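Just below is one structure, and these are the notes that go with it.
FYI, it's all coordinate maths here, none of it is from the lab. Because the structure is predicted, anything quoted here is derived from the model rather than measured. Note that we place each Cβ from the backbone using ideal geometry, even for glycine, and neighbour counts take in every protein chain shown.
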Amino acid sequence: MRKRVRRRTTATVAAALAMVTLAGTTPGHAQQATTPPAVSHGVASGTSYLVGRGIADVTGEIAEVGMMGYGRLDQQAEGLHTRLRARSFVIVDAATDERVLLVVLDSPMIFSSVHREVLARLADEYGDLYTEQNVLLTATHTHSGPGGYSHHLLYNLTTLGYHAKTFEAITDGIVESVRRAHEDLAPSELRLTHSQLTNASANRSKEAFDRNPDAERAFFPDAIDPQTTLVRIERGDDVVGAINWFPTHNTSMSGDNRLISADNKGYAAYHWEREVKGVDYLSDDTPDFVAAFAQTNAGDMTPNLDLTPPSTPEDRHRTHEIGLRQYRAASGQLDDPGTHLHGGLDAATVYVDLSDVTVRPEFTADGREHRTCDPAVGAAMAAGSTEDGPAFPLFAEGDNPVLDAVSDKILYEVSPELRQCQAPKGVAVPIGAMNDLYPWVAETVPVQLVRIGSLYLVAIPGEVTITAGLRLRRTVAEVVGADVRDVLVAGYSNGYIHYVTTPEEYDAQHYEGGSTLFGRWELDAFRQTAHDLATALRDGETPPVGTAPPDLSDRQLTLQPGVVLDTPPLGKQFGDVLTQPRSVYLPGERATAVFAGAHPGNDLHRGATYLEVQRLVEGQWRRVADDGDWSTTLRWKRRGVSASEVTVSWDVPSDTPEGTYRIRYYGDAKSLSGTVREFTGTSAEFRVVTSDG
């Protein structure tokens with residue numbers, strides 16, 4: 001039996017926005033007293049912590065759902081490469097019971113929809129133990145995850161609206177991982193180390209980067225941020241967990257890929273947990289080891305070192321190699337004694353309306369007061385980042401004189417105030433004005449600062465370039481007296497507002513600058529907020545939280561119909577094998593079976609699997625791989641109106657022992673009455689032999 005988990009505006013402006021979407025959307029302390037207390041300020045503590053770790057599945061839909069990241073209407077999911085997971089870490093000061101919760105999610109973005117729902121569900125379970133103040137949700141930014149889980153329309157256009165099943169899978173999985181981490185709390189030590197990784201990223205906007213001052217460019221002599229940071233979790237002599245931060249886009253899988261995948265950071269975690277440590281993701285037991293690979297300021301960092309995206313959707317070599325390099329850099333730090341983290345834990349979150357921030361003179365380059373403005377999409381954003389994904393041919397990075405000449409007369413009218421505030425951006429879509437009619441993008445977002453001993457995390461809800469990140473890091477480091485290496489920008493956290501660039505980079509209007517929605521002074525607004533948060537934490541004060549964004553769950557549009565009916569191919573039954581595997585395979589070859597299947601959306605199999613590769617051992621079939629493994633793929637294809645063809649493949653690993661194997665597929669078929677029935681398909685047996693055999 002497979003394991004089951006119980007699941008608790010004008011037309012012209014809209015047309016312009018659709019074109020932008022085709023180009024891609026990316027290549028505090030207000031707590032009440034509680035028992036035990038959640039977070040307090042600056043209280044000295046002992047030298048150890050209680051730490052809990054948890055993993056859960058957050059995969060969502062894998063077929064007939066738009067994939068998130070490249071913003072392509074044609075990138076509809078057709079199956080599964082690797083499952084997506086949430087990895088949670090609860091850290092509690094053993095002396096004071098202060099705590100923080102960090103969740104690293106294999107996901108394109110953390111939208112405010114997810115942030116709000118997770119906090120509400122944690123409040124239902126734990127009261128005010130885990131709140132907006134001390135919970136940090138951060139995404140790895142894979143561009144191969146399912147979309148449709150935002151409550152803002154811009155991100156749901158390519159998914160034909162809101163997808164409740166994917167939203168529920170993500171939020172259910174996050175909460176489940178937190179629950180497991182909470183139950184796993186045990187005395188632990190934390191050690192902080194830093195190293196350098198120089199062959200896993202390249203600057204995709206070097207011309208924009210070169211506009212920054214000499215002193216900042218000197219900090220990054222190769223135009224990349226090579227710092228790889230590791231917090232390892234130790235219990236006695238055992239390392240039981242690790243959290244790594246390194247900036248590189250999770251775009252090793254191309255925009256032509258149609259399989260859900262955790263991409264390079266997902267592979268780094270999978271390799272360490274599964275291939276090195278032997279973690280069984282389908283077990284209910286807490287794994288012996290949990291590794292998370294989180295983002296920092298990756299805005300202008302691409303993993304495509306030749307500045308060219310992969311040429312074919314089946315080319316996973318880059319994903320494997322960039323993930324492996326991140327793993328090697330992280331695991332190599334285990335031999336470094338590093339810094340023994342101790343001292344208090346602290347956290348604060350404030351909500352900021354980025355469309356209306358007055359930036360004080362001390363945070364602006366010209367020493368004058370400036371203001372942010374309503375969000376606007378730039379022509380350079382519509383052009384896309386060609387190093388990671390597709391571009392729309394009518395737009396270009398930099399100057400767009402044709403757009404500037406016709407925009408006011410043909411597409412839309414941009415107010416002089418907005419044009420001046422957004423200058424030199426060529427405004428492609430004044431999306432802030434559209435927010436008055438329907439929620440297209442977020443304007444009010446959380447900004448958070450978390451302290452774990454001497455480590456500081458500046459949680460920003462966007463994609464921060466390395467130089468913008470350096471300015472944020474230095475701003476906080478100067479206030480709290482920290483080494484700048486120990487201050488990290490946690491990008492893609494708690495919300496999403498696209499990019500954050502320096503004013504100098506903004507002026508270049510490359511993809512990143514065109515995607516900096518709130519104008520030239522957006523970064524300085526974040527720096528001002530981070531400075532005030534750091535000052536409050538240092539001085540033991542409570543910053544004003546601000547007003548959280550509204551709940552938009554009742555305003556969602558769903559245009560894509562669900563599954564109506566499944567039927568097997570003519571003359572077949574569900575689970576029948578349409579194409580059997582060969583009788584013999586060598587390591588390195590691909591074993592494949594094709595089944596008479598059903599739509600994968602009938603049951604997402606969260607926490608379970610759609611497939612197994614089994615080996616015959618002493619008369620018993622034992623699972624050796626499932627749909628969470630790198631070596632397997634599942635492809636779904638519609639046949640006719642209601643029939644499905646499911647292809648399961650297994651790339652036989654090089655260390656596979658000789659023996660007898662088979663492939664099993666677990667499907668779920670929907671009848672006209674709406675009843676969903678489980679079924680199983682089993683391939684013929686086949687042998688794996690060595691080349692000598």
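What the phi angles of segment 55-60 give under the Karplus curve with 6.51, -1.76 and 1.60, with θ = phi - 60°, is a coupling list of 10, 8, 7, 10, 5, x Hz, glycine and proline written as x.
About its Cα centre, the dipole of segment 193-337 is roughly 300 debye, where the only charges are +1 on Lys and Arg Cβ and -1 on Asp and Glu Cβ.
Within 10 Å, count the other beta carbons around each residue, average over each peptide in 255-265, 424-434, 556-566, and list them highest first.
By packing density, highest mean first, the sequence is 255-265, 424-434, 556-566.
Across segment 577-688, the relative contact order, built from alpha-carbon pairs under 8 Å that are at least six residues apart, equals 35 percent. Karplus-based coupling profile of segment 335-340, in residue order and whole Hz: 7, 8, x, x, 9, 6, with θ = phi - 60° in 6.51 cos²θ - 1.76 cosθ + 1.60 and x standing for Gly or Pro.
The residue list Leu80, Pro600, Val240 was ranked by how far each Cα lies along the charge dipole of the chain toward its positive end, using unit charges on Cβ atoms, and Pro600 comes out on top. Taking Lys and Arg as +1 and Asp and Glu as -1, the other residues whose beta-carbon sits under 9 Å from that of Asn435 total -3.
Using Cβ point charges alone (K and R +1, D and E -1), the dipole size of segment 577-688 about the Cα centre works out to roughly 400 debye.
Each other residue within a Cβ distance under 9 Å of Leu470 adds +1 if Lys or Arg and -1 if Asp or Glu, for a net charge of +1.
Net charge around Ala684, counting only other residues with Cβ within less than 10 Å of its Cβ (Lys, Arg = +1; Asp, Glu = -1)? So the environment of Ala684 carries a net charge of +1. In the chain, a dipole from Cβ-located charges (positive for Lys and Arg, negative for Asp and Glu) runs towards its positive end, and of His163, Ser644, Thr296 it is Ser644 whose Cα lies farthest in that direction. Between Glu369 and Asp237, the simple spin-label model (points 7 angstrom out along Cα→Cβ) gives 6.4 nm. So what is the diffusion coefficient of the chain in µm² per second by Stokes-Einstein at 4 °C and 1.567 mPa s, using a Kirkwood Rh over Cα pairs? This corresponds to a translational diffusion coefficient of 51 µm²/s. In this structure, Phe219 and Arg538 have a Cβ-Cβ separation that, at R0 = 22 Å, corresponds to a calculated FRET efficiency of about 0.35. Rounded to the nearest 20 debye, the dipole size of the chain about its Cα centre is 1760 debye, using +1 on the Cβ of Lys and Arg and -1 on the Cβ of Asp and Glu. If you take the Cα centroid of segment 75-120 and the Cα centroid of segment 146-179, the two points sit 13 Å apart. With Cα atoms defining each centre, segment 544-602 and segment 237-262 are spaced 23 Å apart in the structure. Determine which residues of segment 634-668 fall in the zone a paramagnetic label at Arg623 would reach in this model, i.e. backbone nitrogen under 15 Å from the point 7 Å along Cα→Cβ. Label zone hits: 662-667. Using the Cβ-Cβ distance between Asp335 and Thr308 with R0 set to 35 Å, the FRET efficiency works out to roughly 0.50.
Working note: Cα atoms of segment 577-688, range along each principal axis, descending, whole Å: 46, 27, 25. For Leu672, project a label point 7 Å along Cα to C-beta. Then give me every residue of segment 529-573 with its amide nitrogen under 15 Å of that point. In segment 529-573, the label zone of Leu672 (backbone N under 15 Å from the point 7 Å along Cα→Cβ) covers 564-568.
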